[in-house]
Amino acid sequence: MDVSQSDKNRRRITVEINNRSYTIVGHEEPHHIRMVSSLVDQKMREIHEANASLDTSKLAVLTAVNTMNEYIKLKEECTELMNYIDKIEKEDDD
């Protein structure tokens, strides 16, 4: 069996999210995977505190929706900042 270089570089790390263990497989550094997992766990706990009656599936979906909402807002802010920087650089060139 031929294992590609990409497969050889994959890492496996076990993390705990919402009191459950998950094995994450990927190319990221273990500290990065732990940080991301910790943030997901934190967001789930935050949402669960506000909505204690949610089952795990609904809690996971709300966590994903909230996280994607934050991501989109940050992308928009980044785009605005990049456009502002481009504008300033063009003004300096004139």
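A few points about this structure:
- Of the residues screened, Thr67 is one that is surrounded by 13 or more Cβ atoms within 10 Å (Cβ to Cβ) and either in contact (Cβ under 8 Å) with a residue 24 or more places away in the chain or not aliphatic (A, V, I, L, M) (or both).
- Taken together, the criteria place Leu81 among residues that are in a helix (DSSP H, G or I), among the hydrophobic types (A, V, I, L, M, F, W, C) and open to solvent by 90 Å² or more (accessible area, probe 1.4 Å).
- Qualifying positions in the stretch 58-89 - closer than 21 Å to Glu46 by Cβ and aromatic (Phe, Trp, Tyr): Tyr71
Residues are listed down the side, and each one gets a yes or a no for (1) over 18 Å from the mean Cα position of the chain (by Cα); (2) open to solvent by 100 Å² or more (accessible area, probe 1.4 Å):
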position: Glu29; (1), (2): no, no
position: Val40; (1), (2): no, no
position: Glu49; (1), (2): yes, yes
position: Asp55; (1), (2): yes, no
position: Ala60; (1), (2): no, no
position: Leu74; (1), (2): no, yes
position: Ile88; (1), (2): yes, no
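- Those residues of the stretch 38-59 which are over 16 Å from Tyr22 (Cβ atoms) and among the charged types (D, E, K, R), in sequence order: Glu46, Glu49, Asp55, Lys58
- Tally of residues being closer than 18 Å to Glu70 by Cβ and assigned to a helix (DSSP H, G or I) across the stretch 33-59: 17
- Residue match in the stretch 2-15 (condition: among the acidic types (Asp, Glu) and modelled with pLDDT of 95 or more): no
The values are calculated or read from the model by the stated rules, or taken from the named source; none is laboratory data. Remember, it's a predicted structure, so these values are computed and weren't measured experimentally. Don't worry about glycine lacking a Cβ; one is built from the backbone with ideal geometry, like all the others, and counts go over all protein chains shown. All accessible areas refer to the heavy atoms of the entire protein, side chains included, with ligands and DNA or RNA removed. Shrake-Rupley method; radii C 1.70, N 1.55, O 1.52, S 1.80 Å.
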